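Step one of this worksheet: look at the structure below.
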């Protein structure tokens, strides 16, 4: 696991990797629950590597560089095929370059979609975006007697000081004892509930104290369902509004990797539920000029810096071109007129995702097939209207005096 103290130097080292020929392999691999089921991630990555291997034969690079690329892709597959090597995280980023002796593995809390690309430098936008956009979360792992707290970010989770284990008074129950609730089974069980409620109050107070020390984006409750539900009722309103979700986990033996994976699984589910709202906002924005639906219109908005949210149907593929002078992504060669030569881009959607993250836009991969069919290849919502963008591109004309 890449710790927080190592993350910034690691990114700086990757940024310094620049090669003369496109010989750096960047891979982002989804490892969430659907991808791990029946090892579907393995089929996906093999398909991507097979397509990329076919594309490398058309690259105008020396034979030695092509052989290094083939060796790096083989190393990538060899690593992915080892189940013991995979991190306990919803995603992982890998960067390989034989010429620079580079093989770096970075667990991530989120990967938009599995992709493998080749360029002259590592593609870091998704890596940095996952670190910055996902923020920090408090994970509470608790049951009726234990409470542990974790600080969770995109790359790792670290345990914070917890509450001491709750101890119950020993001895037989005596209804006539001074502090006993009285005779009968019902008052006895009310006493057990009262002890649990006091413990939940202590946990909520500790979470409030932790949240006051730093800026946390959300709170996740992990543990037996009956206790996470009970604890939820004791969270104050500001923390309840930050609640990401609840998931089962044993607080006595939970590891930092398991907590990290559980929190980002909950976060992915939250993003999936918000996809419907974003698609509806796109459709409503088309009439007002604040939405686009279609690959060509979306790529134009991306180049103009308009895009606020990029919507991509899961599994969307397609080729295109990149204008060498402007760097704009287009569908046809003719669209690069006046912007340099048209460089082929076999995986246009992946490059669009990287460009959107580089411009500070949010990227949402829509996994629901019914919802994805409402998106024509690519779509999104805009920061400013299409008319405003046209006015920015139009050169200002000099005023003509009235005769």
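The values are calculated or read from the model by the stated rules, or taken from the named source; none is laboratory data. A quick note: this is a predicted structure, and the numbers were derived from the prediction, not measured. Quick reminder, even Gly has a Cβ in these numbers, built from the backbone with ideal geometry, and neighbours come from all protein chains shown.
Selection of the stretch 69-82 for residues being out of contact with any strand residue (DSSP E or B) (no Cβ under 8 Å at 6 or more places or on another chain) and in contact (Cβ under 8 Å) with a residue 12 or more places away in the chain yields 70, 71, 77, 81. Only a single item in (1) modelled with pLDDT under 90; (2) in contact with a helix residue (DSSP H, G or I) (Cβ under 9 Å, 6 or more places away or on another chain) is not met by residue 190, and it is number (2).
In this structure, residue 353 does not qualify as without any contact (Cβ under 8 Å) to a residue 12 or more places away in the chain and either part of a helix (DSSP H, G or I) or crowded, with 19+ Cβ neighbours inside 10 Å (or both).
Being free of Cβ contacts under 8 Å to residues at least 12 places away in the same chain, at positive phi and outside any helix (DSSP H, G or I): is that true of residue 340 here? It is false that residue 340 is free of Cβ contacts under 8 Å to residues at least 12 places away in the same chain, at positive phi and outside any helix (DSSP H, G or I).
Counting only helices (runs of 4 or more DSSP H) wholly contained in the stretch 226-327, the ones carrying 2 or more residues that are outside the structural domain of residue 208 (by TED's automatic domain parsing) and under 25 Å from residue 32 (Cα atoms) occupy 256-288. For the stretch 281-297, a residue qualifies if it is in contact with a helix residue (DSSP H, G or I) (Cβ under 7 Å, 6 or more places away or on another chain) and buried (at least 20 other Cβ atoms within 10 Å of the Cβ), and the qualifying residues are 291, 292. Just one of the numbered conditions (1) modelled with pLDDT of 80 or more; (2) within 23 Å of residue 261 (Cα to Cα); (3) out of contact with any strand residue (DSSP E or B) (no Cβ under 6 Å at 6 or more places or on another chain) is not true of residue 156: (1).
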